[in-house]
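Report on the following structure.
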Amino acid sequence: MACSILLFILSYRVYTRIPTLCMYQYNDNDQTIIEERVVQFRGQTERFLKGELNEDQFRALRLMNGLYIQTHAPMLRVAGPYGLISAKQLRKLGDIAKNYDKGYAHFTTRQNIQFNWPELAKVPDILAELATVQMHAVQTSGNCLRNTTTDHLAGVCKDEIEDPRPTCEIIRQWTTFHPEFAYLPRKFKIAVSASAQDRAATQFHDIGVHIVKNAAGEIGYRILVGGGLGRTPIIGEEIRPFLEKKHLLSYLEAILRIYNLYGRRDNKYKARIKILVKETGMETFRQQVEAEWNAIKDGMELSDARFAEIKAHFTDPAYDKNAAADTSFAAHLEQNSAFATWIKFNTKEHKMDGYRAVFVSLKAPDSPPGDITDACLYAVADLADEYSFGEVRSTHRQNLVLADVKQADLYALWQKLSALKLATANIGTATDIICCPGLDFCALANAGSIDVVKEINQALDDIDYIHDLGDIKINISGCMNGCAHQSVGHIGILGVDKKGVEWYQITLGGSSENEAAIGDRLGPSVARDEIVPAITTILEVYTEQRQEEESFLTTVKRVGMTPFKEKVYANH
Amino acid sequence: MQIIKDKQIVENTYRYLADDESLSNGNITVSLARWLQEKAQLLSHNGQVGLRLTIEDDVTLIADDLNKIALLELNFPAFTDGRLFSRAKLLRIRFGYQGEIRAVGNFMLDQVFYLSKIGVNAFHLNNEEQLPVALATLDDFSISYQ
């Protein structure tokens, strides 16, 4: 009885407070397409299981549906379009984690969600469930147009020219089931940024779209092309400084057509567009693209009405205009230093006075980076409904964001997140590590990554020390495919295989932000038992060498590699 | 031998004419090299002429002849090679080709829907038994974003 009353109260709270969503909502066409896709993939899976499709054929088809065959089981990657997820969708992910997986899910650097233990034959059922909440796994893998990513603070940060999400949605629709570009030489990733500070790593994407204002005050796009990470990290170059908004899709189509026709297909390690741009030369490549674009642009213009229609999905939520009048927040900040620290590291300023964007840290010391349990998925969904207009974002660094939290609610939210172990005050610090699944799950990996992160956490168990170190981005990948973007980590760790033994290469000075840089090799790779001491040594050298408030990255740039090298390899 | 053409399973009416084979009546397909050498004779023979194009063939060489060619066969070297998707699209939108574009070679039936969206209107599958399934895939999606 008590239980059912409690349930009633809980459901009353949840269901009466479900807000109107300010994110893209499917219309009948979107829903039809996604349901037809489920039927299509079910047929393909059945034909494979009956032996009517061979391994190679099914590989291409399943990958375009985010389905890998991993070390232990298939891995299904679900799309999180530009990182936006509703509370309802999060609950569905919780259901899938519970009913089809081992009770957890994993957030990736492309703002997607991975399940590591689904059963192949049941994947069509999972897709059918996802379709009921406007989700899918379309083009989350394979040599096709992938999920478009953007700033996790889109629409709420102070420094953006306009909200990038409508542009992302227009790109999402154009890329989805594009018939011409489903069998590209290699995968293709697009990122959009609209703010002064690039939080979407756009310079390391096949295409980076910057929303900019020209001298006449018109808003348009600056287009970068040929960036990428992986085995050959390259910083993207500008192909067009200003593109009128109406030409967005024709320009993307022109780039893709040139790439599809001329990109290398003889060697998968040279097949990304970055290699085509380098080998062709930017000038010639630009001429090819512009010639193609001039031939198609008039027939592919985006109308103002089209932009307006999409933009209408991304209106501001019903902000409380008096949110800043609250005084409890200041009082809690004063009285509770742990809360104040969490505010400092795990929240960001908001365009609305009296609101902040809150990071839900998926980097608790004892949990694999980016992993979240089904129970926490449900809990975060409830918190999103209660405190942030029913919406959650996933971030490029594998955390979650509740983007619109009133300052008066921050203290209660912090307490609830703390109880869920989702409030480790480490966003942007040395333990907010980007990490791939590594040897534990991935068939490609040469070395483990999750356990290394665990040991780094054990070695850095003093949160005050971590806070003192400040802004440090450590990225660790278990192989040179570089899923965790180690080459642009302030500290990059790359697992390599030496005659069946796990070794680790270290790079310093990489960055995926405005000052894009690829890290420099510190020296020879180190053995498994030396990697964590090497990292702690690097951090010690930083604290010795830094001047005043100097960040890790600035110190590395100023002093160079030598002081780090001397200490790390002192005993060799 | 049967193929899919314009959303129907029909008999293939073209005969493969090897480069060293002498011309005979009826619909035939020839290589680009033979077309360039014997265009006049080919056009005056009794029957329609189709061209067998490989991925290496330069379509601009036949840009002015396209209205005389009833069929272009695009020969897929491997199903993963997506270049012919863009080639087919360009044949329609850039060269204004109105005749039959037929996919042949190493493509798979799961590509038939996408190919149909970019201007390929006929399909010769290596495994003829798959024709009904391939035909059904043309209705996989009722709506498209592009």
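The values are calculated or read from the model by the stated rules, or taken from the named source; none is laboratory data. Note that the structure is predicted; figures quoted are calculated from it, not measured. Positions of Cβ are backbone-derived with ideal geometry, glycine not excepted, and every protein chain shown enters the neighbour counts.
Listing for the model above:
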quantity	calculated
Residue, farthest from the other protein chains (Cβ to nearest Cβ), within the stretch B:89-106, restricted to residues that are surrounded by fewer than 19 Cβ atoms within 10 Å (Cβ to Cβ) and assigned to a loop (DSSP other than H, G, I, E, B)	B:Gly99
Residue among A:Arg37, A:Arg62, A:Arg42 that alone is touching a helix residue (DSSP H, G or I) at 6+ places or on another chain (Cβ under 7 Å), in contact (Cβ under 8 Å) with a residue 12 or more places away in the chain, of a type in the set (Lys, Arg) and under 20 Å from B:Ala136 (Cα atoms)	A:Arg42
Failed condition for A:Val401, given (1) among the aliphatic types (A, V, I, L, M); (2) surrounded by fewer than 19 Cβ atoms within 10 Å (Cβ to Cβ); (3) assigned to a strand (DSSP E or B)	(2)
Test set (1) of a type outside the set (Gly, Ala, Ser); (2) touching a strand residue (DSSP E or B) at 6+ places or on another chain (Cβ under 6 Å); (3) outside any loop (DSSP other than H, G, I, E, B) - A:Leu249 fails condition number	(2)
Residue identified as surrounded by fewer than 19 Cβ atoms within 10 Å (Cβ to Cβ) and within 14 Å of chain A (Cβ to nearest Cβ) among B:Ser116, B:Ser86, B:Ser44, B:Ser142	B:Ser142
Pick from the stretch A:131-152, criterion of a type in the set (A, V, I, L, M) and surrounded by fewer than 23 Cβ atoms within 10 Å (Cβ to Cβ), ranking: farthest from A:His313 (Cα to Cα)	A:Ala131
Hits in the stretch A:21-41 - residues which are outside any helix (DSSP H, G or I) and either surrounded by 15 or more Cβ atoms within 10 Å (Cβ to Cβ) or more than 11 Å from chain B (Cβ to nearest Cβ) (or both)	A:Leu21, A:Cys22, A:Met23, A:Tyr24, A:Gln25, A:Tyr26
Filtered residue count, the stretch A:260-294, keeping only those that are in contact (Cβ under 8 Å) with a residue 24 or more places away in the chain, under 22 Å from A:Lys245 (Cα atoms) and not polar (S, T, N, Q)	6
Residues (more than 10 Å from chain B (Cβ to nearest Cβ), out of contact with any Pro (no Cβ under 6 Å at 6 or more places or on another chain) and farther than 22 Å from A:Arg186 by Cβ) located in the stretch A:42-66	A:Glu46, A:Phe48, A:Leu49, A:Lys50, A:Gly51
Filtered residues of the stretch A:235-278 (kept if acidic (Asp, Glu) and out of contact with any Lys or Arg (no Cβ under 8 Å at 6 or more places or on another chain))	A:Glu237, A:Glu244, A:Glu253, A:Asp266
Condition met for A:Asn446 (closer than 22 Å to A:Thr108 by Cα and in contact with a Cys (Cβ under 9 Å, 6 or more places away or on another chain))	yes
Checking B:Thr60 against (1) assigned to a helix (DSSP H, G or I); (2) within 14 Å of chain A (Cβ to nearest Cβ); (3) at pLDDT 95 or above, the condition it does not meet	(3)
Unique residue being part of a strand (DSSP E or B), not hydroxyl-bearing (Ser, Thr, Tyr) and not assigned by TED's automatic domain parsing to the domain that holds A:Leu362 when the list is A:Asp468, A:Asp464, A:Asp497	A:Asp497
Search result, residues across the stretch A:259-302 that are of a type outside the set (A, V, I, L, M), within 14 Å of chain B (Cβ to nearest Cβ) and more than 28 Å from the chain's Cα centre (by Cα)	A:Tyr262, A:Asp266, A:Gln288, A:Glu292, A:Trp293, A:Asn294, A:Lys297, A:Asp298, A:Gly299
Set A:Tyr542, A:Tyr504: member being assigned to a helix (DSSP H, G or I), among the hydroxyl-bearing types (Ser, Thr, Tyr) and either assigned by TED's automatic domain parsing to the domain that holds A:Ala484 or more than 27 Å from the chain's Cα centre (by Cα) (or both)	A:Tyr542
The stretch A:550-566: number of residues that are under 11 Å from A:Leu469 (Cα atoms), touching a residue at least 12 places away in the same chain (Cβ under 8 Å) and outside any helix (DSSP H, G or I)	1
Residues satisfying the stated conditions in the stretch A:73-100, i.e. outside any helix (DSSP H, G or I), of a type outside the set (Lys, Arg) and either more than 27 Å from A:Gln486 (Cβ to Cβ) or under 17 Å from the mean Cα position of the chain (by Cα) (or both)	A:Leu76, A:Val78, A:Ala79, A:Gly80, A:Leu84, A:Ile85, A:Ser86
Any chance A:Asp385 is surrounded by 23 or more Cβ atoms within 10 Å (Cβ to Cβ), outside any helix (DSSP H, G or I) and among the charged types (D, E, K, R)	no
